[in-house]
Amino acid sequence: MKENFFYHPSWPILYEDNHLLGLYKPAGLLVQADQTGELSLLELAKDWLKERYRKPGQVFLALVHRLDRPVAGVILYGRTSKAAQRLSEQFRTGTVQKQYLAILHGRLKEPSGRLIHFIERRPERSSRILPKATDQTQEARLTYRVLDTFRSKSLVEIQLETGRHHQIRIQMAHIGHPVVGDLRYGAPAPLPQKQIALMAKKLLIVHPTLKEEISIESPLPFGWPWPHEAGSPEAPPWNWVELIPLIFH
């Protein structure tokens, strides 16, 4: 029986079958290669599949959604072109349920709520909220629920209704509660590894071939910066720099 972890026992496989591969992405690791030339989760996953199943030639693996580099959590890849196409359609049409955890600056006035804004994507890779819809904006919707508060911070569960660029980061900053560590959108200080306190906790999708609903959930990573929810030592590290020496030794 093959060992059910990704490179190291502390790095779990969240879901795997012939059509899908669900992985935990640590904060700081790229989802796919970019102009920096740095290693990405997609490259690691292709190499892992090639070795695990002794596949000749190139391995097919398709990215169907994204997470920002400083964000941790669930990433889902399609292992066949048909699966990837069907998954991409679910993300495009907004039928995927996406649950996040975020640590925000300040205490929110309401314990729960729904935010609707009009986001304009900017050429310098940031976004901004405009007071009304224009030809350049997209509607962004989410709901949130405060799970806990500690000193001047709040632990919040967020359900994304849409999937806009930097959506959670910019919407929460707009109401005066930026994500901890998110200098781009108003946090007062960085975190040690330039990560931000935001993670994709769970995806609920319809399986592309079985047509049944499946849930893919990430454990809370070790080092998550909340005093009552810091993740167990057996959980995957929050940051990529802590995984590097475990898999490249």
| task | Could you calculate, for segment 20-166, the ratio of the Cα radius of gyration to the Kirkwood radius, expressed as Rg to Rh? | result | 1.02
| task | With springs only between Cα atoms under 10 Å apart, run a GNM on the chain and tell me which of ALA72, ALA189, ALA197 wobbles the most. | result | ALA189
| How long are the three semi-axes of the equivalent ellipsoid of segment 179-249, in whole Å, if each is the root of 5 times an eigenvalue of the C-alpha gyration tensor, listed from largest down? | 27, 18, 13
| segment 53-211 - percent of accessible surface contributed by carbon and sulfur, probe 1.4 Å | 48 percent
| task | Please work out how much accessible surface ASP17 shows to a 1.4 Å probe, ignoring ligands, DNA and RNA, in Å² rounded to 10. | result | 40 Å²
| Given only helices, namely DSSP H runs of n ≥ 4 each adding -39500 (n - 2.57), what is the per-residue ellipticity at 222 nm of the chain, to the nearest 500 deg cm²/dmol? | -5000 deg cm²/dmol
| task | Specify the residue with the greatest mean-square fluctuation among LYS194, LYS25, LYS211, computed from a Gaussian network of the chain linking alpha-carbon atoms under 10 Å apart. | result | LYS211
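Express the C-alpha Rg of the chain as a ratio against the empirical globular expectation 2.2 N^0.38 Å, rounded to two decimals.
1.01
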| Build a GNM of the chain with springs between Cα atoms under 10 Å: which of LEU115, LEU101, LEU220 gets the top mean-square fluctuation? | LEU115
| Along the positive direction of the dipole of the chain (beta-carbon charges: Lys, Arg +1; Asp, Glu -1; about the Cα centre), which of ILE116, SER152, ASN239 reaches farthest? | ILE116
| task | Would you mind getting the accessible area per residue of segment 29-89, heavy atoms of the protein chains only, 1.4 Å probe, in Å²? | result | 51 Å²
| request: Using per-residue counts of other Cβ atoms within 10 Å, averaged over each peptide, order 168-174, 129-135 from highest down. | output: 168-174, 129-135
| Heavy-atom accessible area order for HIS8, HIS228, largest first, 1.4 Å probe | HIS228, HIS8
| remark: Rounded to the nearest Å, the spacing of the alpha-carbon centers of segment 130-179 and segment 79-100 is 22 Å
| query | Per residue, what volume in Å³ does the convex hull of the Cα atoms of segment 130-249 enclose? | reply | 179 Å³
| said: Quick check: with the 1.4 Å probe, what order do ILE175, ILE247 take by accessible area, largest first? | reply: ILE175, ILE247
| remark: Checking segment 47-140 for chymotrypsin sites (Phe, Trp or Tyr not before Pro) in a loop per DSSP with at most 11 other beta-carbon atoms within 10 Å yields TYR53
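The values are calculated or read from the model by the stated rules, or taken from the named source; none is laboratory data. Predicted, not measured: the structure shown is a model, and the values here were computed from it. Cβ sites come from the backbone with ideal geometry, for glycine too, and all protein chains shown count toward neighbours. Heads up: the accessible areas ignore ligands, DNA and RNA and are worked out on the full protein's heavy atoms, side chains in. Shrake-Rupley method; radii C 1.70, N 1.55, O 1.52, S 1.80 Å.
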